[in-house]
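Below is one structure, written out as structure tokens; comments come after it.
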């Protein structure tokens, strides 16, 4: 069974630029999560999808972050414009509803 | 607001030692608690999941306990090996139903020296 795929693995941008991350969940998993993990901290949930609908985006900075999950499969997380404090690892995870979450390798973002 | 804290932040032990990692949470209204392992440059791997009605779970050399009333969980690693070196994260699923939303602690980075 293929795991959760994420790309790119690394990204370096300057502040005020925009960036997008892609996630392909495990086949059949209806629930998809995006987490932000700042160095030295645990992951923080940004947004949770059930199929292509949003379940929870209470911690998503909506003035600069957006996410979509077209057709209930792949998902894209976008930051526009990026700030220095957005430097972090962005993790994608998927699961059956309420079951164990499987995490991708993450995208490491550095904002200069 | 649910908060999860892990102590210590880092731990270094010689190979073969038994060790305990600690996790505490402020609100006992949890659905379950999980322990994850994170290797550098990789995602998280679930190690053990304890339902709120359970007291402990075991997998190989790992044993996790849960005391919901006191807001504490421990992860016990027996006979540690260099391959156990990683960051260990504790996470709770908050609330009376399983929405899947996890609240993580900041992790304990473990180094096992040969």
Return a whole-number percent for the relative contact order of the stretch B:58-108, with Cα pairs under 8 Å and 6 or more residues apart as the contact set. 24 percent
Estimated FRET transfer efficiency when R0 is 25 angstrom, pair residue A:10-residue A:54 (beta carbons, to 0.05): 0.35
Which whole-number percent gives the relative contact order of chain B, counting Cα pairs below 8 Å spaced six or more residues apart? 37 percent
Given labels modelled 7 Å from the Cα in the Cβ direction, how far is it in nm from residue B:13 to residue A:66? 4.9 nm
Along the Cα→Cβ direction, 7 angstrom out, place labels at residue B:46 and residue B:59. What is the inter-label distance in nm? 0.8 nm
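Share of antiparallel DSSP beta bridges in the protein assembly as shown, in percent to the nearest 5?
Values: 74 of 83 bridges.
Among the beta bridges of the protein assembly as shown, antiparallel pairing accounts for roughly 90 percent.
Please state, as a whole number in µm²/s, the translational diffusion coefficient that the Stokes-Einstein equation yields for the protein assembly as shown at 37 °C and 0.692 mPa s, with Rh defined as the Kirkwood radius across alpha carbon pairs.
Details: Rh = 18.1 Å.
For these conditions, the coefficient is 182 µm²/s.
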With both partners inside chain A, how many of the DSSP beta bridges are antiparallel, as a percent to the nearest 5? 90 percent
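Only the coordinates and a few stated rules stand behind these numbers; no lab work does. Everything numeric in this text was worked out from a predicted model, so none of it was measured. Backbone-built Cβ (ideal geometry, glycine too); neighbour counts: all protein chains shown.
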